[in-house]
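Note sheet for the following structure.
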Amino acid sequence: MIIIGGVIVVLFLLMIGTHVAVALGIVTAGMVLLTDGVPLTVIAQTGFKSVNSYPLMAIPMFVLAGNLMMKGQLAHMIIELIGTLVRVLRGGLALTVLLTSVFFAAVSGSSVGSAAAIGAATVDGLRREKYPDRFAAGIVAVGGTLGLMIPPSLGFILIGTIVGLPIDRLFLAGIVPGLLEATLLMFSVVFLSHKHNYGTVAKSVDFRGFFTKLPKAIPALLMPVLVLGSIYAGIMTPTEVSAFAAAYALLIGLLFYRTISISGAWEAARNSLLQTTMIYAVVLGGSLIGFILVRMGVSAQLVSILQEADLSWWQFLLIVNGVLLVLGMFLDGVTLIILTAPLLFPMAQVMGISPIHFAVIMVANVEIATLTPPIGLNLFVMSGIVRIPVHEVARGVMPFYVVRLFGLALLTFIPQISLFFE
């Protein structure tokens with residue numbers, strides 16, 4: 001009854017506009033007080049321990065790196081460079097947007113940040129080539145989700161911190177699934193562009209333009225190579241490389257490209273602080289949820305129910321995907337991970353499912369959640385940038401939503417994709 005009452009109160013607080021971190025903190029603190037034998041000091045200790053984490057320190061620096069890249073308008077440069085090669089195809093500009101999304105995914109680790117940066121740089125160009133507004137918004141929104149799968153991923157950092165998995169292994173596991181998702185989206189863009197005759201087609205590949213623009217773009221292109229290479233070569237930990245990424249983005253923006261001013265860098269740092277504070281607040285509130293569920297034996301009861309149900313591994317994963325897709329309609333990605341990871345990972349372990357594989361499945365669901373009304377954050381970001389209603393953005397996303405569900409099915413039932421480097 002305490003759990004059911006807690007869920008009702010959380011939903012009520014969210015309905016009246018309470019921030020999710022505050023709602024979780026108030027309700028779980030109350031549940032702790034109603035649980036016999038739990039001292040009050042446990043609330044503060046559990047909350048502090050949840051954010052006093054070395055791996056979690058990577059989040060503010062990766063967020064800052066992404067914001068500095070966005071402030072430095074590096075998306076424009078990458079789009080122009082890639083466009084010289086792919087504009088020869090029907091839908092070439094739309095394809096350029098997705099390829100640029102892959103680049104930003106390997107830098108920022110944020111879905112919303114990637115969508116905002118790329119959307120601001122490409123929407124006007126897509127309009128000039130007569131792409132419908134909702135299609136343009138849909139491309140950028142779905143491309144931004146790749147930032148959650150392709151390392152460095154904030155989703156993997158959260159999961160690794162919560163369930164105790166090595167973040168470098170999770171990053172490695174996200175590479176092939178992220179590239180698979182990007183490939184599926186690219187094929188769908190080319191198909192839809194041919195079907196509806198979207199965009200203009202260049203007469204030939206602009207090799208001269210490519211080699212003219214390449215030298216200036218090299219410092220930006222080196223960033224994901226240096227970030228990921230430093231991790232997998234064992235030179236730096238993910239937390240250390242996050243600070244390096246932020247410093248590198250600041251230096252090339254200030255000194256090489258000179259697209260960032262001191263005031264612009266300060267604004268990027270301020271926005272990063274606010275975004276990180278929101279994430280940490282949700283982590284803190286969610287940690288109390290995890291504590292009280294363990295204390296009340298909920299996790300053990302769910303594992304026992306699962307064993308009695310005698311489900312196969314694929315049936316379990318089918319149910320998990322259904323639950324996460326529904327929850328993704330009402331929760332943002334950070335909250336979805338914080339609330340479900342402590343419950344679902346022990347159950348997956350009982351089913352003999354690799355925790356690395358299961359982490360990829362969870363992140364794939366979070367990607368889809370950012371596109372799912374009524375809470376999908378990328379929909380609201382693109383609605384503001386393109387200046388069309390959210391439901392129009394959702395219509396533009398719909399064909400790609402089907403592609404994302406197909407990709408989720410592949411990642412769920414073919415574990416080798418996630419475990420390619422294991």
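Brief remarks follow.
- Test result for A44, crowded, with 22+ Cβ neighbours inside 10 Å and farther than 30 Å from K213 by Cα: no
- Unmet criterion (only one of (1) surrounded by 22 or more Cβ atoms within 10 Å (Cβ to Cβ); (2) out of contact with any Lys or Arg (no Cβ under 7 Å at 6 or more places or on another chain); (3) aliphatic (A, V, I, L, M); (4) closer than 14 Å to V112 by Cβ) for V397: (4)
- Residues in region 203-230 that are surrounded by fewer than 16 Cβ atoms within 10 Å (Cβ to Cβ) and more than 21 Å from F171 (Cβ to Cβ): K203, S204, V205, F207, R208, F211, T212, L214, P215, K216, I218.
- Filtering region 166-195 to residues that are open to solvent by 30 Å² or more (accessible area, probe 1.4 Å), in contact (Cβ under 8 Å) with a residue 60 or more places away in the chain and not β-branched (V, I, T) leaves D168, R169, L172, L179, L180, L184, M186, H194.
- Region 335-357 residues that are of a type in the set (F, W, Y), paired with ones that are assigned to a helix (DSSP H, G or I) and open to solvent by 40 Å² or more (accessible area, probe 1.4 Å) (beta carbon under 7 Å, 6 or more apart): F345/V163; F345/P355
- G384 being free of Cβ contacts under 8 Å to residues at least 24 places away in the same chain and over 20 Å from G160 (Cα atoms): yes
- Looking only at region 353-394, and only at residues there that are within 20 Å of L327 (Cβ to Cβ) and among the small types (G, A, S), the one that is surrounded by the fewest Cβ atoms within 10 Å (Cβ to Cβ): A394
- Looking only at residues of region 306-351 that are of a type outside the set (A, V, I, L, M) and open to solvent by 60 Å² or more (accessible area, probe 1.4 Å), we find that the one that is nearest to G155 (Cα to Cα) is F330.
- Some residue of region 86-101 being open to solvent by 10 Å² or more (accessible area, probe 1.4 Å), free of Cβ contacts under 8 Å to residues at least 60 places away in the same chain and touching a helix residue (DSSP H, G or I) at 6+ places or on another chain (Cβ under 9 Å): yes
- Residue among L284, L288 that alone is open to solvent by 50 Å² or more (accessible area, probe 1.4 Å) and touching a residue at least 12 places away in the same chain (Cβ under 8 Å): L284
- Region 293-305, subset part of a helix (DSSP H, G or I) and hydrophobic (A, V, I, L, M, F, W, C), residue surrounded by the most Cβ atoms within 10 Å (Cβ to Cβ): L293
- Flag for A120 being farther than 21 Å from A243 by Cα, open to solvent by 10 Å² or more (accessible area, probe 1.4 Å), at pLDDT below 85 and of a type outside the set (D, E): yes
The values are calculated or read from the model by the stated rules, or taken from the named source; none is laboratory data. Predicted model only: the values in this text are computed from it and were never measured. Don't worry about glycine lacking a Cβ; one is built from the backbone with ideal geometry, like all the others, and counts go over all protein chains shown. Side chains included, ligands, DNA and RNA excluded: accessible areas come from the protein's heavy atoms. Shrake-Rupley method; radii C 1.70, N 1.55, O 1.52, S 1.80 Å.
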